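Only the coordinates and a few stated rules stand behind these numbers; no lab work does. A quick note: this is a predicted structure, and the numbers were derived from the prediction, not measured. We place every Cβ from the backbone using ideal geometry, glycine too, and count neighbours over all the protein chains shown.
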2 protein chains.
Amino acid sequence: MAKPFDPVQSANEEARETTRQLLREARFGTLATINENGYPFASLVTFALDRAQTPFLLVSRLSGHTKHLLADQRCSLLVGEPGKGDPLAHARITIQCSASIIDRASDENIILRTLFIARHPKAALYIDFPDFLYIRLTMMEASLNGGFGKAFRLKSDDLR
Amino acid sequence: MAKPFDPVQSANEEARETTRQLLREARFGTLATINENGYPFASLVTFALDRAQTPFLLVSRLSGHTKHLLADQRCSLLVGEPGKGDPLAHARITIQCSASIIDRASDENIILRTLFIARHPKAALYIDFPDFLYIRLTMMEASLNGGFGKAFRLKSDDLR
């Protein structure tokens, strides 16, 4: 019996390079978390990349998405800015992630602070507020959409 | 005992008007659905408003988010385009929604088609493809973020 049509291709080097570029250049991302009602919740976030090129967030404990991640580490990050013209014509990627809180007392905080400010200089206004913390998003798999008809599936090895 | 600090205010008329404006003017939104692994999944969508000002999507049955919504109607829609400068300084809203498929054979399809093309003229290229369908997002409650320190909670009555 023929397999059902699957429009999604396995990742190739071009897909991996597009992914790295999206992660390096994004000004923001959209995070999806599970809220207190069990519903998926989409919110705008800023992120940077650590030395292993893993994304991490700077978030306030007062924010809804932070409370969601403290209760359930499952999330996804959508990266890729819709430019001019048809928003669906631009490349973007949804990365399924597992969130982990970085201990504020750890040495790692100093490194993440430097990396975050380098990418988001305006965050200097609030980065040291006591309610803010870093959350690392370990990437598990991803769906890359390079525009109509250009869909790729990336596995964890493709995301290293 | 004092109540814990809640930075989120109840909606006022300004919050309701900002919400209507975001829904009228957005070029795109981000949809959060639950994927086949139970993870929240964020993806880019275009939408329009029906005559009751309820958002509806035009999606392909081949898309991941459509499959998710066919299996679980729970979703949210993030609306509000990050403009220039700090992306977190711009107003945006997360609306918790319940998704319902519009029967392609219903008369309503003709009305939704007209409304969708009026807002997204380029969708004329694919709107009549047989794998495309409309999904209505009934709005249940919402979190409006008008920039730092300006957070509002909207109930279903505020979203009518």
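Give me the orientation-averaged projected area of the Cα convex hull of chain A, in nm², one decimal. Walk me through the numbers before you get to the answer.
Values: hull surface 45.7 nm².
One quarter of the hull surface, i.e. the mean projection, equals 11.4 nm².
For the protein assembly as shown, what is the charge dipole size about the Cα centre, in debye to the nearest 20, if Lys and Arg each add +1 at the Cβ and Asp and Glu each add -1 at the Cβ?
Details: 40 positive and 36 negative charges, 66 e Å.
My answer is approximately 320 debye.
Among A:LEU77, A:THR114, A:PRO87, flag the residue with its Cα farthest along the positive direction of the charge dipole of segment A:59-160, charges on Cβ as +1 for Lys/Arg and -1 for Asp/Glu.
Toward the positive end, the furthest listed residue is A:PRO87.
Taking each label point as 7 Å beyond Cα in the direction of the beta carbon, state the distances from A:ALA118 to the same residue in the other copies, shortest first, in nm.
5.1
7 Å from Cα along Cα→Cβ at both A:ALA89 and B:ARG153: what's the point-to-point distance in nm?
Rounded to a tenth, the inter-label distance reads 4.3 nm.
If each label sits 7 angstrom from Cα along the C-beta direction, how far apart, in nm, is B:GLY147 from its counterparts in the other copies?
3.6
If R₀ is 35 angstrom, what is the calculated FRET efficiency for the pair A:GLU13 and A:LYS122, using the beta carbon separation as r and rounding to 0.05? Present the calculation step by step, with values, prior to reporting the outcome.
Numbers: r = 35 Å, r/R0 = 1.00.
Once rounded, the FRET efficiency stands at 0.50.
Can you give me the span-like helices of chain A, meaning DSSP H runs with 15 Å or more of Cα extent along the axis and Kyte-Doolittle mean at or above -0.5? Before the final figure, lay out each step's value.
On the way: long enough: A:13-25 (18 Å, -1.77); A:108-119 (17 Å, 0.75).
Membrane-span-like by this criterion, though nothing is claimed about a membrane: A:108-119.
Viscosity 1.306 mPa s, temperature 10 °C: what is the translational diffusion coefficient of segment B:1-94 from Stokes-Einstein with a Kirkwood Rh over Cα pairs, rounded to a whole number of µm²/s?
Numbers: Rh = 15.3 Å.
It comes out at roughly 104 µm²/s.
Placing unit charges on C-beta atoms (Lys and Arg positive, Asp and Glu negative, everything else neutral), compute the dipole magnitude of segment B:40-100 about its Cα centre in debye, rounded to 20.
Details: 6 positive and 4 negative charges, 26 e Å.
For this selection, approximately 120 debye.
Once the label point is set 7 Å along the Cα-to-beta-carbon vector, what list of distances in nm do you get between A:VAL8 and its counterparts in the other copies?
Copy-to-copy label distances at A:VAL8, shortest first: 3.0 nm.
Sort the protein assembly as shown into rounded, prolate or oblate with this rule: let a ≥ b ≥ c be the square roots of the eigenvalues of the Cα gyration tensor; rounded if a/c is under 1.5, and if a/c is not under 1.5, prolate when a/b is larger than b/c, oblate otherwise. Write down the numbers at each step before the final one.
Details: a/c = 1.80, a/b = 1.21, b/c = 1.49.
Taking the square roots of the gyration eigenvalues as a ≥ b ≥ c, the protein assembly as shown is oblate.
Give A:LYS84/A:LYS122; A:LYS122/B:LYS155; A:LYS150/B:LYS122; A:LYS122/B:LYS122 a once-over and call out the pairs whose C-alpha atoms are over 28 Å from each other. Don't jump to the answer; show the numbers that get you there.
Values: A:LYS84/A:LYS122 25 Å; A:LYS122/B:LYS155 33 Å; A:LYS150/B:LYS122 18 Å; A:LYS122/B:LYS122 36 Å.
Violating the 28 Å Cα-Cα cut-off are A:LYS122/B:LYS155; A:LYS122/B:LYS122.
How far is the Cα center of segment B:39-100 from the Cα center of segment A:98-160, in Å?
Each part reduced to its Cα centre gives a spacing of 23 Å.
Quick check on the protein assembly as shown: helices-only [θ] at 222 nm, where DSSP H runs of length 4 and up contribute -39,500 (n - 2.57) each and the sum goes over total residues. Nearest 500, please.
Values: 6 runs with 66 residues, N = 320.
Mean residue ellipticity at 222 nm (helix-derived): -6000 deg cm²/dmol.
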